Amino acid sequence: RQRVLLWGVLLAAWEAAWGQLRYSVPEEMPKGSFVGDVAKDLGLQMPALRDGGVRIIDRGGTQYLALNRKTGHLVTAERIDREQLCESVQQCVLRCELIVEGEMKVYGIEVEIMDINDNAPAFKDTELEQRISEMTAPGSRFPLAEAHDPDLGQNSLQSYELSGDEHFSLAVQTGPGGDQLPELVLAKALDREEAASHELVLRASDGGDPARTGTARIRVTVLDANDNAPVFSQAEYRVRVPEDVPVGSVIVTIMATDADEGLNGHVKYSFRKISDRQSELFHLDSETGVIMLKQKLDFEELSSHELQMQARDGGDLLHTSKVMITVTDVNDNAPELTVSSAVREISEDAPSGTVVALVHVHDRDTGANGEVRCSLDGATPFRLEKSFESYYRVVTARELDREQQSEYNVTVRAADGGRPALQSSRVLALRVLDVNDNAPVFSQERYSARLSENNLAGALVLSVRATDADTGSNGRVSYSFGDVPDSISALFSIDRESGEIRTTGPLDFEDKSKYSFGLEATDGGGLTSHCEVQIDLTDENDNAPEI
């Protein structure tokens, strides 16, 4: 076993093509065992691994693989039993995705689980009973229960041996699928008066090193003559049923006839070979041959069922047949829509094509029922782009304008091709961040005021106002004089925050009756605008006549 484990680790192979990594690892490795050096194979940076910017997504029910953030190695998260994970599947492959959030990249990872010889062949029943008439001719054959070994290749079932009695020998037939079918062969005529029963041992062996074996004891009871075996009406029964067929429905009725009379001609039906899951799904009426549904079918779990049937008469002669049940898909699964990565804020000057989210869609149905179409609701400045396999990117379709709309709720919708179609949706909340793309704007291009001479210092002349569509510091406006002579700044002052223009002292009409100057409004980002101010003085009778 240690040689097999070492072989699996040393031969773990990978290839990076079209965003895909492939490795292999033997089953039953301890938790934390090395699978592959993902960081080296993909050229990932260790800081991104330690900061959680790289993560593994396994969409199965159990997390079998994990990423060691210290080493960048892909390791086993659980002890993996290939036979439990991939029952009746030749190539057992675990699939997951690795997402690099900072780069908005996704890689597919496939890990093949290699078989080891950890299971011995086993019979469903270790005590078998065979009833044979004493009139049975030598050379007659009787099907025996098969052993089952869930391992693969050389580690699976390879041979049968029979021991215990000279009256019997063993023949092994090869079935259509390559299965070994053991048969009990009558080598010597039976005599019930000489021996009423015979005890045999059937041994099944696999090809492992060392080999594993399983045994079943066979008790052969010799009966009085019954010269006709039951005969099924069909060698194979085939039926197609939709997965939503109601529980309690009749799936198929099998039928066998026996030319004998009385007990020897009374036929009873049974399952010759059936898995534990199939025994939970199907019920067989031993008298009528009716097979009914006990539990709901699920196409996504199993799409076909093969039932080995047998008909046995009262004299224990039997005949075998097969029932093939094909389960057809119905649209009973809505698409699964997952937001794998998303941003919550975006600058309004982000270029067209900026990625804001990475979403994954999956539908467990098949055919048109599993074909998913992804779209965005409403008219928004965003669009969908196809990414890796079932991944989509939500990107900006044009530049944004926070002053027009500062927040978006983008609805991503996935609908399958069923009739009626099933759908699901996710809402992405996105806030647009401001940039300083708007200069202040004065409410008037030119302001004017009239003021009496001899005014008091600090008298309010007028107020100017400018607005800025930006927010925060970008929208905060301050006021100042433009390029004005010192004589103006000596006579007037302006409040930087309120825009109020006041006198610094009394003015004299006889000295100057009109003042014109420019003002400037500046926002927190340095953008400016200008306006003109004109002040007219009115005369007062403050001078006596001179003679």
Examine segment 277-284 for a residue that is farther than 27 Å from THR366 by Cα and small (Gly, Ala, Ser), and state whether such a residue exists.
no
Output for Cβ contacts, cut-off 7 Å, separation at least six or different chains, first residue touching a residue at least 12 places away in the same chain (Cβ under 8 Å) in segment 309-324, second of a type in the set (Phe, Trp, Tyr) and buried (at least 22 other Cβ atoms within 10 Å of the Cβ), reads MET309/TYR269; ALA311/TYR269
When both residues are 6+ apart or on different chains and their Cβ atoms are under 6 Å apart, which pairs have a first residue that lies in segment 180-208 and is closer than 17 Å to LYS124 by Cβ, and a second that is open to solvent by 50 Å² or more (accessible area, probe 1.4 Å) and small (Gly, Ala, Ser)?
VAL201/SER163; VAL201/GLY164
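If we keep just the residues of segment 423-440 that are of a type in the set (A, V, I, L, M) and open to solvent by 30 Å² or more (accessible area, probe 1.4 Å), which is nearest to the chain's Cα centre (by Cα)? Before you say what the answer is, go through the steps one by one.
If we filter segment 423-440 for residues that are of a type in the set (A, V, I, L, M), which is where we start, we get 427-430, 432-433, 435, 439.
Then drop every residue that is not open to solvent by 30 Å² or more (accessible area, probe 1.4 Å), which leaves 427, 429, 433, 435, 439.
Working: VAL427: 18, ALA429: 22, LEU433: 32, VAL435: 38, ALA439: 49 Å.
Selected residue: VAL427.
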Please specify each residue of segment 213-228 satisfying the condition of being surrounded by 20 or more Cβ atoms within 10 Å (Cβ to Cβ) and either out of contact with any Asp or Glu (no Cβ under 9 Å at 6 or more places or on another chain) or not in a strand (DSSP E or B) (or both).
ASN226
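How many of the residues making up segment 17-76 are among the acidic types (Asp, Glu) and either touching a strand residue (DSSP E or B) at 6+ places or on another chain (Cβ under 8 Å) or closer than 19 Å to PHE388 by Cβ (or both)?
Filtering segment 17-76 down to residues among the acidic types (Asp, Glu) leaves 27-28, 37, 41, 51, 58.
This time we only want the ones that are either touching a strand residue (DSSP E or B) at 6+ places or on another chain (Cβ under 8 Å) or closer than 19 Å to PHE388 by Cβ (or both), so: 27, 37, 41, 58.
Counting residues in segment 17-76 that are among the acidic types (Asp, Glu) and either touching a strand residue (DSSP E or B) at 6+ places or on another chain (Cβ under 8 Å) or closer than 19 Å to PHE388 by Cβ (or both) gives 4.
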Condition (residue is part of a loop (DSSP other than H, G, I, E, B) and at positive phi) applied to segment 466-481: is it met by at least one residue?
no
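Identify the residue in segment 101-128 that is open to solvent by less than 10 Å² (accessible area, probe 1.4 Å) and assigned to a strand (DSSP E or B) and, among all such residues, is modelled with the lowest pLDDT. Can you show your working first?
Residues of segment 101-128 open to solvent by less than 10 Å² (accessible area, probe 1.4 Å): 108-109, 111, 113, 116, 121.
Filter once more, keeping what is assigned to a strand (DSSP E or B): 108-109, 111, 113.
Details: GLY108: 90, ILE109: 90, VAL111: 90, ILE113: 86.
Restricting to residues being open to solvent by less than 10 Å² (accessible area, probe 1.4 Å) and assigned to a strand (DSSP E or B), the top hit is ILE113.
If a residue must be among the small types (Gly, Ala, Ser) and not in a loop (DSSP other than H, G, I, E, B), how many such residues does segment 487-523 contain?
Keep residues of segment 487-523 that are among the small types (Gly, Ala, Ser), which gives 487, 489-490, 493, 498-499, 505, 513, 516, 518, 521.
Filter once more, keeping what is not in a loop (DSSP other than H, G, I, E, B): 487, 489-490, 493, 516, 518, 521.
So the count comes out to 7.
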Of the residues in segment 193-212 that are open to solvent by 70 Å² or more (accessible area, probe 1.4 Å) and within 17 Å of ILE116 (Cβ to Cβ), the one that is modelled with the lowest pLDDT is ASP209
Could you identify the single residue in LEU302, LEU307, LEU293, LEU281 that is under 38 Å from the mean Cα position of the chain (by Cα) and at pLDDT below 90?
LEU302
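Looking only at segment 330-338, decide whether some residue is polar (S, T, N, Q) and either within 30 Å of MET104 (Cα to Cα) or touching a Phe, Trp or Tyr at 6+ places or on another chain (Cβ under 6 Å) (or both). It would help to see each step written out before you state the result.
So in segment 330-338, the residues polar (S, T, N, Q) come out as 331, 333, 338.
From what's left, either within 30 Å of MET104 (Cα to Cα) or touching a Phe, Trp or Tyr at 6+ places or on another chain (Cβ under 6 Å) (or both): 333, 338.
Within segment 330-338, one or more residues are polar (S, T, N, Q) and either within 30 Å of MET104 (Cα to Cα) or touching a Phe, Trp or Tyr at 6+ places or on another chain (Cβ under 6 Å) (or both).
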Which ranges mark the strands (runs of 3 or more DSSP E) fully within segment 30-100 that have 1 or more residues being under 24 Å from SER340 (Cα atoms) and touching an Asp or Glu at 6+ places or on another chain (Cβ under 8 Å)?
54-57, 65-68, 73-76, 93-100
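Restricting the search to segment 299-323, which residues are in contact with a helix residue (DSSP H, G or I) (Cβ under 9 Å, 6 or more places away or on another chain) and part of a strand (DSSP E or B)? Full working, then the answer.
Filtering segment 299-323 for residues in contact with a helix residue (DSSP H, G or I) (Cβ under 9 Å, 6 or more places away or on another chain) gives 301-302, 305-307, 313-315, 317.
Selection gives HIS305, GLU306, LEU307.
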Could you look through segment 129-144, keep only residues that are at pLDDT 85 or above and either open to solvent by 40 Å² or more (accessible area, probe 1.4 Å) or not assigned by the TED database to the domain that holds ASP206 (or both), and pick out the one that is nearest to VAL89 (Cα to Cα)?
PRO143
Please work out which residue is least open to solvent (accessible area, probe 1.4 Å), limiting yourself to segment 68-91 and to residues that are closer than 28 Å to ALA216 by Cβ and free of Cβ contacts under 8 Å to residues at least 24 places away in the same chain.
VAL89
List the pairs whose first member sits in segment 345-373 and is free of Cβ contacts under 8 Å to residues at least 60 places away in the same chain and among the hydroxyl-bearing types (Ser, Thr, Tyr), whose second member is part of a loop (DSSP other than H, G, I, E, B) and surrounded by fewer than 21 Cβ atoms within 10 Å (Cβ to Cβ), and whose Cβ atoms are under 7 Å apart, counting only residues at least 6 apart or on separate chains?
SER352/ALA397; SER352/ARG398; SER352/GLU399
Of all residues in segment 11-38 being modelled with pLDDT under 85 and crowded, with 18+ Cβ neighbours inside 10 Å, the one that is nearest to the chain's Cα centre (by Cα)
TRP14
Which one of these is closer than 29 Å to ASP523 by Cα, assigned to a strand (DSSP E or B) and open to solvent by less than 60 Å² (accessible area, probe 1.4 Å): VAL461, VAL484?
VAL461
Looking only at residues that are surrounded by 20 or more Cβ atoms within 10 Å (Cβ to Cβ) and of a type in the set (Gly, Ala, Ser) in segment 293-340, which one is nearest to TYR391 (Cα to Cα)?
SER321
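The values are calculated or read from the model by the stated rules, or taken from the named source; none is laboratory data. Remember, it's a predicted structure, so these values are computed and weren't measured experimentally. Every residue, glycine among them, receives a Cβ derived from its backbone with ideal geometry; neighbour counts consider all protein chains shown. The accessibility values were calculated without ligands, DNA or RNA, using every heavy atom of the protein model including side chains. Shrake-Rupley method; radii C 1.70, N 1.55, O 1.52, S 1.80 Å.
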